[in-house]
Number of protein chains: 2
Amino acid sequence: MAIHRHLGALFNPDTVAVIGASDNPGKLGFHVMKSLTQGGFTGRIVPMNPGAKKIMGIPSVPSIDGFQDPIDLAIVAVPAPLVPGIFEACEKKSVKGIVLISAGFKEIDDPSGAQQQSILERIVRRATIPVIGPNTFGVVNVHRNLNASFTPEFSRLKKGNIALVSQSGGICHLFAFMAMSQNVGMSEIVGLGNRLNVGFPEMITHLMEDPETEVLALYLEGLEDPRDLMETARAFRGRKPIVAYKTGRTRNRDQASISHTGSAAGDHELYEASFRQGRIFGVDSMEALLDAARAFSVCSLPKGPRIAILSGQAGPGISAHDTCEMGGLEIARFQPQTQRAINELLPPIALRTNPVDLGPAWYNSAAIRGILKTVMEDDHVDGILLLMMFASANREALENISSLLLEWKQRKPIITCLISPPGIWDGQVRELEMAGAMINLDTPERAAKCMTYLWQYKKMVN
Amino acid sequence: MAIHRHLGALFNPDTVAVIGASDNPGKLGFHVMKSLTQGGFTGRIVPMNPGAKKIMGIPSVPSIDGFQDPIDLAIVAVPAPLVPGIFEACEKKSVKGIVLISAGFKEIDDPSGAQQQSILERIVRRATIPVIGPNTFGVVNVHRNLNASFTPEFSRLKKGNIALVSQSGGICHLFAFMAMSQNVGMSEIVGLGNRLNVGFPEMITHLMEDPETEVLALYLEGLEDPRDLMETARAFRGRKPIVAYKTGRTRNRDQASISHTGSAAGDHELYEASFRQGRIFGVDSMEALLDAARAFSVCSLPKGPRIAILSGQAGPGISAHDTCEMGGLEIARFQPQTQRAINELLPPIALRTNPVDLGPAWYNSAAIRGILKTVMEDDHVDGILLLMMFASANREALENISSLLLEWKQRKPIITCLISPPGIWDGQVRELEMAGAMINLDTPERAAKCMTYLWQYKKMVN
């Protein structure tokens with residue numbers, strides 16, 4: 001299928017028609033209009049509704065047939081039985097892409113749904129119009145301020161380089177809200193819905209070419225055949241990292257229970273094998289999906305497994321140490337000159353070997369800076385975890401290492417867990433993150449896990 | 001040791017002396033004074049420093065000997081060599097408890113540290129004064145506004161019923177900051193430091209009697225003998241839940257590496273066995289420590305493993321389903337009358353069996369309320385997970401079920417994952433949490449895990 005070639009226009013339209021646009025908040029077409037108009041989209045928005053002259057102050061046209069200019073993207077939010085007619089009008093008009101929000105197709109119990117969907121399939125096969133959906137909340141191209149969805153709040157997303165492609169709209173919402181509250185930027189969000197003619201392979205192909213996207217995050221529940229996905233991913237392997245979260249283990253087991261062959265594990269293993277072959281990095285929670293995507297989008301990959309842990313207090317260093325070793329990382333043995341430099345900077349009351357306890361240097365920011373620098377420059381160190389919990393006495397510590405983090409900027413991967421009560425270090429941490437100096441996680445284990453993701457991914461793509 | 005009988009006075013003092021109080025921000029005695037004075041403590045604060053007349057505006061006395069009135073708690077932040085003399089003065093004065101912040105004892109490499117500590121041990125054995133520390137950041141009794149620590153920001157904590165006892169001060173800071181940002185209240189925080197004569201057994205005994213504490217969270221790295229802890233916990237088993245996070249697997253392995261017997265696993269297994277015997281709920285991360293403590297402090301325990309998942313979107317329901325089954329929970333089969341009621345409230349386009357997809361009821365809050373009510377009343381349901389991601393169209397859904405959640409108030413355990421962009425649902429969710437209606441977690445997996453904690457704990461204490 002060469003549908004992916006047409007996806008560029010769908011995600012970068014000049015003129016967008018909203019079929020089923022409405023001024024009634026009880027209609028999804030109302031929320032779609034709000035998303036487009038309030039999201040800062042600079043192209044032309046054309047509401048279509050046979051019963052209105054204007055919608056949200058924008059002149060409305062009754063239907064596609066009555067509109068003279070070309071349409072790049074049609075967002076469709078009308079009852080299912082009306083959709084085939086609209087698709088035919090889109091074909092006649094040479095619309096370049098469709099986002100089909102309407103539900104009531106293959107996903108419903110009633111056989112009329114599947115029947116409706118096969119009618120649509122026939123039309124789009126003939127016309128080669130890419131369709132996102134049906135039964136989707138929509139798509140968002142953050143960089144173009146294109147919020148083609150029924151949730152205006154997606155427009156609050158910061159521009160970034162992580163794209164999400166998901167079989168669940170709910171997961172798209174959750175991922176985006178997590179990204180917002182953690183100040184993570186995104187490039188595109190796509191709810192695939194019933195995947196009429198655009199699925200994971202088409203989206204992967206499109207996103208590999210998308211200049212704004214550096215990391216692909218996928219959420220999937222079950223595919224007819226995961227090998228399609230794997231083969232597409234493999235064709236691009238190494239170009240951009242792909243992280244995937246697959247759920248539905250239990251659901252598949254139920255469906256397969258007739259055979260009593262324990263095929264749930266088999267199914268899960270099939271996905272795991274496909275992921276490995278496609279160099280897709282599999283994760284097991286929403287938190288891990290976001291964290292791994294963030295890590296891959298910001299951090300360099302470690303050359304080896306040897307990690308330095310610099311910790312403002314011993315406890316967090318110990319828990320990070322446990323997590324690192326359980327995830328296949330090693331605690332670096334410093335070179336003699338590094339250890340000598342640390343011994344000069346820290347009094348003998350601290351643990352000065354790796355993990356290094358920076359506690360006694362709280363009042364001596366120059367020492368903390370010196371230790372960080374010498375560890376960064378140690379060829380026996382492949383990555384650094386820097387962990388510090390705020391205490392009044394170490395308030396200045398962060399400010400004194402900021403310039404070093406900025407200057408170093410992931411020449412080796414550096415991941416932090418710098419935590420204070422709300423409002424003290426957050427602003428500085430956020431600035432450093434926005435400059436790409438590091439990513440900051442909210443527990444030592446989560447930070448250490450991110451480092452294991454980097455190393456496991458490095459081994460996978462090598 | 002009957003030291004625990006004296007801990008009540010240490011945590012509820014009327015007069016607090018700060019030995020080593022200072023107006024110099026470079027001294028820990030400065031931060032301690034700030035913590036006490038700004039934390040709202042209503043008792044008497046007596047700064048002690050031979051070189052000052054007033055500290056932070058409060059009249060200062062040169063030493064304990066020169067002070068006429070009784071002292072309940074002495075907070076000591078002076079160099080280690082001065083501490084034995086101060087301890088003798090405390091003994092003479094019949095001070096009821098000491099928080100010894102000073103470092104430089106058993107924890108340092110230099111043998112003089114251990115020597116200093118054994119001098120202290122002799123004094124306190126004779127005097128039976130309970131001592132928290134040395135080498136601690138301090139203690140906090142949130143309900144008494146007593147911030148006897150070098151971190152004034154602990155005073156921002158909300159009053160609640162979770163107490164933390166930790167071998168690491170860094171972990172105390174992290175836990176408290178996590179609690180602050182998640183709006184979780186606490187009762188007491190204790191950094192044990194080198195455990196001169198107060199360790200986990202003494203603190204557990206004290207907290208079991210503390211009327212403000214309902215759940216005990218412990219962080220430990222390694223004990224001389226975990227059986228002491230286990231036996232104390234077992235004596236109280238069932239009275240109040242205890243959650244424990246043990247780190248230092250890898251560190252213990254290094255220490256034991258001479259024997260080449262793989263004793264790391266043995267060590268970890270010894271703790272696990274001790275935890276089981278003491279009915280201590282073991283967890284494996286800071287996130288789990290906080291989440292389990294929160295769940296035990298708010299939620300009722302499920303009578304059985306049968307869980308209902310009500311999800312505003314299918315995806316989050318599926319991931320929660322996976323997590324539940326992996327954690328030993330079962331997906332409830334509704335009673336026929338429950339299923340009939342749901343079938344009447346939801347159109348056939350949705351998944352109406354458990355997990356229930358509430359998607360089609362977004363515009364019909366009465367239906368969501370009705371479904372929640374009928375599921376709550378189903379005797380085949382032992383606990384409920386309610387998951388909903390905000391979308392403009394379901395904005396009102398939360399408001400319409402709030403009264404039901406408040407009314408029900410954990411008659412059966414109910415855990416939610418109600419997530420919106422910052423500033424939309426947060427306020428409502430927070431109010432419901434503060435009223436004890438439920439706890440809200442930020443991913444479906446984390447919510448489902450909390451339900452597994454409740455069930456696993458229920459099985460452990462039965």
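Tabulated data for the structure shown
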read-out	value
Per-residue average of Cβ from other chains inside 10 Å of B:418-424	5
Helix A:397-408 axis, angle to chain A major axis (alpha carbon atoms, nearest 10°)	70 degrees
Trypsin sites (Lys or Arg not before Pro) restricted to the stretch A:3-105 and DSSP loop, no more than 14 other C-beta within 10 Å	A:53
Whole-angstrom gap from the stretch A:276-341 to the stretch B:346-372, using each part's C-alpha centre	43 Å
Structure-based [θ]222 nm, chain A - -39500 (n - 2.57) summed over DSSP H runs of at least 4, per residue, nearest 500	-12500 deg cm²/dmol
Rough spin-label spacing in nm, given labels placed 7 Å along Cα→Cβ, for residue B:237 and residue A:239	6.0 nm
Whether the stretch A:154-246 is rounded, prolate or oblate, judged on the alpha carbon gyration tensor where a/c under 1.5 counts as rounded	oblate
Exposure proxy ranking, count of Cβ atoms within 10 Å, fewest first, for B:203, B:178, A:434	A:434, B:178, B:203
Using a 7 Å Cα-to-Cβ projection, residue B:8 label spacings across copies, nm, ascending	7.9
Convex hull of Cα atoms in the stretch A:301-461, direction-averaged projection (nm²)	8.4 nm²
J(HN,Hα) series, the stretch B:154-170, from Karplus relation 6.51 cos²θ - 1.76 cosθ + 1.60, nearest Hz, glycine and proline x	4, 5, 6, 5, 6, 5, x, 10, 9, 10, 10, 10, 9, 7, 10, x, x
Tensor-based shape of the stretch B:73-187 (alpha-carbon gyration tensor, a/c under 1.5 rounded, otherwise prolate or oblate)	prolate
Hz values of 3J(HN,Hα) by residue in the stretch A:54-64 - Karplus curve (6.51, -1.76, 1.60), Gly and Pro given as x	9, 10, 6, x, 9, x, 9, 10, x, 7, 4
Mean-position separation - Cα centroids, the stretch A:121-136 and the stretch B:138-164, in angstrom	60 Å
B from A by rotation - nearest chain A beta carbon to the axis, in Å	A:287, 4
For B:319, B:311, A:365, A:297, order by how many other beta-carbon atoms lie within 10 Å, fewest first	A:365, A:297, B:311, B:319
Inter-copy spacing of residue A:109 label points, which lie 7 Å from Cα along Cα→Cβ, given in nm from shortest upward	7.2
Low-density loop cleavage sites - GluC sites (Glu not before Pro) in the stretch B:346-407, where at most 10 other Cβ are within 10 Å (DSSP)	none
Residue mean of other protein chain beta carbons inside 10 Å, A:381-393	4
Per-selection Kirkwood Rh - the protein assembly as shown (Cα, Å, 1 d.p.)	29.7 Å
Distance in nm between pseudo-label sites at residue A:402 and residue B:353 (7 Å out along the Cβ direction from Cα)	5.7 nm
Cα centroid of the stretch A:177-223 to Cα centroid of the stretch A:416-462, whole Å	22 Å
The stretch B:3-213 shape via C-alpha gyration tensor axes, a/c threshold 1.5	rounded
Length added when fully stretched, residue B:63-residue B:411, from 0.36 nm per residue minus Cα-Cα	119.7 nm
GluC sites (Glu not before Pro) within the stretch B:193-243, DSSP loop, no more than 10 other Cβ atoms inside 10 Å	B:224
Number of partner chain Cβ atoms within 10 Å, mean per residue of A:25-35	2
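Readers should treat all values here as calculations from the given coordinates under stated rules, not as data from a laboratory. Source: prediction; values computed, not measured. A quick note on method: Cβ atoms are made from the backbone with ideal geometry, for glycine too, and the neighbour counts reach across all protein chains shown.
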